[in-house]
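The structure appears right after this line, and notes come after that.
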Amino acid sequence: MTALFRLLRDADLSTRNTFAVAARTPWLLEVNDPAALAEALDLEQVRGLPLLMLGGGSNLLFAGDAPGVTVAVRAPEVSIIEDRGDRAIVRAGAGVDWHRLVTWSLDRGLCGLENLALIPGSTGAAPIQNIGAYGVEVGEHIVAVDAWDRHARQPVRLDRAACAFGYRDSAFKRDPGRWIVTAVELDLAKRAAPRLDYAGIGEELARMGVAAPGARDVAEAVIRIRRRKLPDPAVVGNAGSFFKNPIVPAAQAQALLDAHPRLPAFAGDGEATRKLSAAWLIDACGWKGAREGDAGVSAAHALVLVNHGHATGLQLLDLARRIAASVHARFGVALEPEPRIVGADW
Ligand code: EPU
């Protein structure tokens, strides 16, 4: 029988972050059964210490060691909990690998997550930054998130509205340290309704020779595009997009577009704003493929910072700050990091 939880002292986190930077934590709490969270968090060594929630480690940068207690919830179960005729509700534990959940649902004829194929990380981390790709965000499919609420010291259930999803944002992200996500419930359709609006997907399907794509075809197209554009963290350390695409006032976007007509601009979070391509802005400042020691910018995608070997988190953070400063100086746009930075302020 597996223990319900395990507390390790002075643990190494270098293999638990996809940047593969060196970092340690005074305590690593591995929780196999979320029902044991209350007991685990009440351990004498743990009580009162700051907590860091760790999923697949694919969306954080250790600029220093993690303070206090690092918590990893395993919870690897996934099942269909409700059949709603043309739809089904899938429940997945926080520890389920995200891409495994995507393929698991497609194998059962359930559609909706195909555009989110191959995103690194765990299911428990998915709602925190409301993972999104190729025109779809996970928040569209989430019906509820089960979490441990450290304020109330009890398990809680947040429906979609309470999760307050935004672009790479949620109630969980806005209040780090409060919630420990234990399970996610998703509403998936039995009939595919392919979302092909994002540039590149239609072209990829055409290259694949697929005329009437099903959900699996879309997943395959997304996988091909990602493999081509984004470095594989198993090969070179990275955390996907390092910066969010900046949302700016529409008038500012228009002025920038007048000066730079090729700058990609998308709908913002309302009429008054536009979302700009951070990759384009960074690329235009000449950073793509740059390398300083082992810290660099991917030669395949300007939004992705990479660790070529032994870069430290601080070296990567320093590079990121200089990239943001040069984009600000040239375009007057402030870039914000997408991953959580541990051990330093942005
Ligand atoms: N571009 C450049 N130079 C580059 C790369 C891209 O100029 O080196 C320009 C191109 O014009 C391209 C545009 O930027 O058309 C957009 O690029 P891309 O389609 O790769 O999307 P993105 O806006 O850079 C976002 C997400 C990705 C997600 C893709 C696809 C953010 C911060 N990033 O990137 O998410 O996979 O769209 O939907 O929103 C992640 O969050 O880690 C991530 C990889």
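Annotation note: trypsin sites (Lys or Arg not before Pro) in segment 134-217 located in DSSP loop regions with a Cβ neighbour count of at most 12 within 10 Å are Arg153, Arg191.
Note: relative contact order over segment 237-342, using C-alpha pairs below 8 Å and six or more positions apart, is 31 percent. Here Lys173 is the anchor, and the lysines within straight C-alpha reach of less than 21 Å, apart from those fewer than 8 places off in the same chain, are Lys244, Lys275.
Checking every one of the trypsin sites (Lys or Arg not before Pro) in segment 1-61 against DSSP loop status and a limit of 15 other Cβ atoms within 10 Å picks out Arg47.
Note down the net charge around Val184, summing +1 for each Lys or Arg and -1 for each Asp or Glu among other residues with Cβ under 9 Å from its Cβ. Cβ neighbours under 9 Å give a net charge of -1. Pairs of Cα atoms nearer than 8 Å and 6+ residues apart set the relative contact order; for the chain it is 16 percent. Size check on segment 1-156: the Cα extents along the three principal axes, sorted descending, read 49, 32, 31 Å. Converting phi to 3J(HN,Hα) with the Karplus coefficients 6.51, -1.76 and 1.60 and the offset θ = phi - 60°, segment 267-284 yields 4, x, 9, x, 4, 8, 10, 9, 9, 9, 7, 5, 4, 5, 4, 5, 4, 5 Hz in sequence order, with x at every glycine or proline. Amide H contacts of Val181 (H built 1.01 Å from N, in plane; Pro and chain starts excluded): Trp148 sit under 5 Å, all sequence-distant by 5 or more or on other chains.
Relative to one another, the C-alpha centroids of segment 247-262 and segment 17-88 are positioned 40 Å apart.
Taking every alpha-carbon pair within the chain, the share separated by more than 25 Å comes to 55 percent.
Are there GluC sites (Glu not before Pro) in segment 1-74 that DSSP puts in a loop and that have at most 10 other Cβ atoms within 10 Å, and which ones?
On the way: sites: Glu30, Glu39, Glu44; in loops: Glu44.
Loop-located and lightly packed - Glu44.
Taking every alpha-carbon pair under 8 Å whose residues sit at least 6 apart, segment 43-101 reaches a relative contact order of 29 percent. Based on protein heavy atoms only, the chain ends up with 45 Å² per residue of surface accessible to a 1.4 Å probe.
What are the DSSP H helices in the chain that stretch 24 Å or more along their long axis, judged by alpha-carbon atoms, and whose average Kyte-Doolittle hydropathy comes to at least -0.5? Kindly include the intermediate steps, with their values, before the conclusion.
Working: long enough: 313-331 (27 Å, 0.47).
In the chain, the long hydrophobic H runs are 313-331.
What does the charge dipole of the chain about its Cα centre add up to, to the nearest 20 debye, if the Cβ of each Lys and Arg holds +1 and the Cβ of each Asp and Glu holds -1?
Working: 39 positive and 40 negative charges, 110 e Å.
In total the dipole reaches around 520 debye.
Were the residues from Thr2 through Asp159 laid out at 0.36 nm apart, the gain over their Cα-Cα distance would be 53.4 nm.
Dimensions of segment 237-342 along the principal axes, based on C-alpha atoms and rounded to the nearest Å, stand at 44, 26, 22, largest first.
The values are calculated or read from the model by the stated rules, or taken from the named source; none is laboratory data. Keep in mind the model is a prediction, meaning the values are calculated, not measured. Because the Cβ atoms are built from the backbone with ideal geometry, glycine has one as well, and the counts that use them run over all protein chains shown. With ligands, DNA and RNA removed, areas are computed over all heavy atoms of the protein, side chains included. Shrake-Rupley method; radii C 1.70, N 1.55, O 1.52, S 1.80 Å.
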